[in-house]
Each structure stands twice: as C-alpha cells, then as structure tokens.
Amino acid sequence: MYFVDNFGIKRTTQLLPKIFIFGKVFLVLQKNSDMTLIKSISGIRGTIGGKPGEGLSPLDVVKFTSAFGAFIQNNFPGEKVKMVIGRDARISGEMVNRLVVSSLNALGIDVVDLGLSTTPTVEIMVCKLKAKGGIILTASHNPAQWNALKLLNHKGEFINAEEGNQVLQMAEDENFSYSDVYELGSYSQNTTHIQDHIQAVLALKDVDVELIRKANFRIALDCVNSTGGIALPPLLKALGVETVYELYCEPTGHFPHNPEPLPKNLTEIAELVLEKKADLAFVVDPDVDRLAIVCEDGSMFGEEYTLVAVADYILSRKKGSTVSNLSSSRALRDLTQNAGEKYFASAVGEVNVVDMMKQKKAVIGGEGNGGIIFPELHYGRDALVGIALFLTHLAQRKLKCSELRDSYPAYAISKNKIELSPDLDVDNILKNLEIKYKETPHSTIDGLKLDFPDGWVHLRKSNTEPIIRIYSEAQNAARAEELAVLIMDDIKSL
C-alpha cells in the first residue's frame, strides 16, 4: 500500500483502509481488481467495464438514471418532465449518453441533449430551458477510464444529501416504472448552449470586455482534449483577446496527461507560456468547472489562489461575505477580513459550499481546487466566468500575473492521499486522532480538521475517488509538508 504526496512521489505505508459511512454522505464502494464503482449523494462514478456492480456497467448506468428520472417525476406529479443532459469529451461519453437518453425516454421524460458541453453550461441551460433537472456525464478530473453521472435539480444545482440518499434507495429497490409505447419521451438537441453561456458571462456588469481588449493579452490554453476546447477559445475571442495559443484543445477525449490541473501535470503549458512569451495561461479540467492559471514566468498561480484573486476583485466592487470549504486556503479568509467582510467555511463539496453561500448571502465563493462560484450568474463552479472576472481584475490592476499572485497572503498547501482497501477502520482512526488532539482547535463537520497556530491539517474521505485526502497548509511548503507527515505518522501508529 502507498500514498501519493503532492509532488507525485509514492510513499509506502502499512495502512489498509476500510470503507465507511460518515456524516451526511452515504457511500458504497465496490472494488474488484481495477474496477471501481462509487455511489454517493451527488451521483454515480466508476471505471468503465466489468460486471454489474463492479464498475460503471451499462446496467448500472440504466438503473441509476432510471432512479433519478423517477425521482424527478415524483417531485413534479402530473407534469410532463423535461431534462437536460450534456457530457465532456471522454471516450466513453457517447456510449453512456445513449444509455442515459434511452432510459429517460423510456420513463416518458423529454430529453434535451447538449452533446459535448461543460458542467457549468449544463447547469445554466437547465434553468434557461425551464427543465425539471439535468444530468452531466463526466468524471471531472478523474482519468479516462472513469465516467460518472452528476445530478442536477430544477435550479441547475446539485441535489442535496437527503435527495441523493432517496435516489440511491430508489436505485437499490428498483423503484421506478417505464412508460408504455404511447407515452415515451421525446429527444431533441440544442447546439447554441456554449454561445448562450458565453453571452450570459458577457452580460455581467462585473465583466469589462473593453478593459480586457485594451490590455491586449497573449493567452495560452490547455483544455486537456476535452470540452474546454469548444468553450474557452470562443470565450476569449468574445472578450477581445486576439492572441491565443492552444494546447490540447481538440475534444477527442484522449487526455494527453493526467487531467487534474495540478502543477506536476502542467509542465507543457508552462513551457508554451515561456516559448510564446504569453502573459498567462488558463488550464481547465475535462468538464471545465476548475480553473488553474500559469503566470508569465512559467510559475503556477496556484489553484487555491484562483478563487482568492477573483474574490479580491468582487470585494473591491461590492460588500458581502465569502465562502470556501474546509480544505481551502486561509488566504481567502485573510483577504475577506482585510476587506471588512465575513468569511465562512463549509464542508467539502460544491452543494455544501452553495448551501452556505445562500445562508450567508455570499457575493463570491467556491473551492480551493480552482472552482469559482459567482451567484450573479449561477450557483455552480464555472471556469468561464472565472476567466472573465480574472482578466478584468488583471487588466484593472495593470500588473503581471506573477505580480498579482505575489500581492496575496503567502500560504503553501500540501495535498496527499491514501488509497483505500477494505481493512482499515477509518472512523476509529479519526476518532483517536480527535482524542489525541483534543486540546487543539478542531472541526468534525467534514472528516477532521486540526487548526494549529501556524497551519492546519484536514483529513477526509473523498466522495469521488476511493482515497483519503490529507491536506495541510502553512506559510511555507516545508512546514505544510511537516504537518502532513506528522499526522500520517500518527495514523501509522494507530
């Protein structure tokens, strides 16, 4: 058994983890050889292939889609239901798409198929088309062998924990019934969705197209051969950016590198920035809800600081609170408090961030993985609006990208993970760690977060991968890594 640290180094450990049910998330993990299937409140995610129940097989896709379709129908009794679907470019997408469309049609549901799209675009189109729900076919940052169904309500937002558990139970019980031949649902396609999304971004009063145009930015892109390639070039053109260097912008689904936009995966785009003397580069994950930035000197702006920079701009224009999750940098808290506003931290997960943003009337929020949520557009992580707001901010400040990064509080995050197998009592380990550090300020809202005077460590089980995430932050990388190793040593001793 090993864990992979934030530098991509495999480190051995004697841990043999166990799957568990924790907090509000009901999670079932089944693993056989290389096949994995994860069922959670936010949807179903797994590797393609294998027997039913071992990986994301066609039978699993049909059963889970049928349960969700029936759940939506139950929420709108007596009404004809319309749902929106869209997918990223991964290889299995077209196959999964056909299964989902047929399953919904068989329930009597009308389907509007966006085809190749982005997660935030599907979210926006659910509302624009007045649909009762939506399904996004994407495994986000997971490698090509994975796919998933992400589930949206009629507001274009991810369903909550209670609703997710209802869908899981309906799937388990096969509590759904298909329509007769005269009541089958219809199928249609929408080809304007990307342009509709771009126009919605341009219409925001906080996006200054003329200011961006005058800045004459030279921008590089890495869209990992997924749907960012059909969304970001036209967005930049609409924003007045005339010089764009495209890397991996063909939506073939053949990811040229690990699709998670972490520094170790972004060496090629950093080299392109230097070669072309670009002002910056934007990098997105396969479904375009996470945004990473590379500075003009090839250095990483840092996923954590994407939200910090955009929040800086928004807080300069309006009053209000900010929200990020427990695994996000303290930099947003510092920035918000320096602006005289209040910062709040939610449990990890977009639905949890959105819930708290609504409660606290936040003007900006998101997650430290490069996820920007700007409620004036919609309540979902959105790389397109992140790009437009960031470029407006950068043009307004008249700084180099690296200079803007240096203007923010200096923190370094260490991101580690432990792969799961069936023999570790994770609940017990977290409980024992809580007892050991009972004198240290801590939170059990989502796993266990320990707040030390000079940094923090957050341990939690991923909802999207069979791993335990161990994030730590301090004012320099060495101390952040030291805190992570301290906790991992504690785990070994248990």
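Of the residues examined, ILE230 is one that is open to solvent by 30 Å² or more (accessible area, probe 1.4 Å) and either of a type in the set (A, V, I, L, M) or assigned to a strand (DSSP E or B) (or both). The listed residues are VAL283, VAL288, VAL294, and the only one of them that is open to solvent by less than 10 Å² (accessible area, probe 1.4 Å), closer than 25 Å to ASN147 by Cα and assigned to a strand (DSSP E or B) turns out to be VAL283. Taking segment 324-367 as the range and being touching a helix residue (DSSP H, G or I) at 6+ places or on another chain (Cβ under 8 Å), farther than 19 Å from ALA161 by Cβ and buried (at least 20 other Cβ atoms within 10 Å of the Cβ) as the test, the residues that pass are SER324, SER328, SER329, ALA331, LEU332, LEU335, THR336, TYR343, ALA362, VAL363, ILE364, GLY366. Residue pairs whose Cβ atoms lie under 6 Å apart, sitting 6 or more positions apart in sequence or on different chains, and linking a residue in segment 412-436 that is more than 25 Å from ALA477 (Cα to Cα) and modelled with pLDDT of 85 or more to a partner that is outside any helix (DSSP H, G or I) and open to solvent by 40 Å² or more (accessible area, probe 1.4 Å), are ASN432/LEU494. Sub-7 Å Cβ pairs linking a first residue in segment 278-296 that is closer than 17 Å to VAL310 by Cβ to a second residue that is in a strand (DSSP E or B) and of a type in the set (Phe, Trp, Tyr), at least 6 apart or interchain, are LEU291/PHE282; ILE293/PHE282, ordered by first then second residue. Are any of the residues in segment 141-150 in contact with a helix residue (DSSP H, G or I) (Cβ under 7 Å, 6 or more places away or on another chain) and of a type in the set (Phe, Trp, Tyr)? Within segment 141-150 (the criterion being in contact with a helix residue (DSSP H, G or I) (Cβ under 7 Å, 6 or more places away or on another chain) and of a type in the set (Phe, Trp, Tyr)), the answer is no, since none of the residues qualifies. Screening LEU221 on (1) open to solvent by less than 30 Å² (accessible area, probe 1.4 Å); (2) under 24 Å from GLY380 (Cβ atoms); (3) not in a strand (DSSP E or B) shows it passes everything except condition (3). Among the residues making up segment 157-178, those that are out of contact with any Leu (no Cβ under 9 Å at 6 or more places or on another chain) and small (Gly, Ala, Ser) are ALA161, ALA171. Scanning segment 260-273 for residues that are outside any helix (DSSP H, G or I), open to solvent by 20 Å² or more (accessible area, probe 1.4 Å) and over 16 Å from LYS415 (Cβ atoms) turns up nothing. For segment 449-470, the count of residues that are among the aliphatic types (A, V, I, L, M), open to solvent by less than 20 Å² (accessible area, probe 1.4 Å), out of contact with any helix residue (DSSP H, G or I) (no Cβ under 6 Å at 6 or more places or on another chain) and assigned to a loop (DSSP other than H, G, I, E, B) is zero. Restricting attention to segment 118-142, the residues being more than 14 Å from the chain's Cα centre (by Cα) and either of a type outside the set (A, V, I, L, M, F, W, C) or within 22 Å of GLY50 (Cβ to Cβ) (or both) number 6.
When GLN199 is tested against (1) loosely packed, with under 14 Cβ neighbours inside 10 Å; (2) over 23 Å from the mean Cα position of the chain (by Cα); (3) polar (S, T, N, Q), only condition (2) is not met. Residues of segment 428-448 that are open to solvent by 10 Å² or more (accessible area, probe 1.4 Å) and in a strand (DSSP E or B): HIS442, SER443.
Inspection of segment 309-323 identifies no residue that is of a type outside the set (Gly, Ala, Ser), modelled with pLDDT under 95, buried (at least 24 other Cβ atoms within 10 Å of the Cβ) and within 20 Å of TYR408 (Cα to Cα). Scanning segment 438-467 for residues being of a type outside the set (Asp, Glu), touching a Leu at 6+ places or on another chain (Cβ under 9 Å) and more than 23 Å from GLU260 (Cβ to Cβ) gives a total of 10. The set of residues in segment 326-335 that are in contact with a Gly (Cβ under 7 Å, 6 or more places away or on another chain) and farther than 25 Å from VAL207 by Cβ contains only SER327. Do the conditions hold for VAL209, that is, is it in contact with a Gly (Cβ under 6 Å, 6 or more places away or on another chain) and crowded, with 23+ Cβ neighbours inside 10 Å? Against the criterion (in contact with a Gly (Cβ under 6 Å, 6 or more places away or on another chain) and crowded, with 23+ Cβ neighbours inside 10 Å), VAL209 does not qualify. Scanning segment 78-100 for residues that are more than 30 Å from ASN258 (Cβ to Cβ), out of contact with any Gly (no Cβ under 9 Å at 6 or more places or on another chain) and among the aliphatic types (A, V, I, L, M) yields a count of 0.
The values are calculated or read from the model by the stated rules, or taken from the named source; none is laboratory data. What you see is a predicted model, and the numbers here were worked out from it, not measured in a lab. FYI the Cβ positions are ideal-geometry reconstructions off the backbone, even for glycines, and counts take in every protein chain you see. Ligands, DNA and RNA are excluded from the accessible area calculation, which covers all protein heavy atoms including side chains. Shrake-Rupley method; radii C 1.70, N 1.55, O 1.52, S 1.80 Å.
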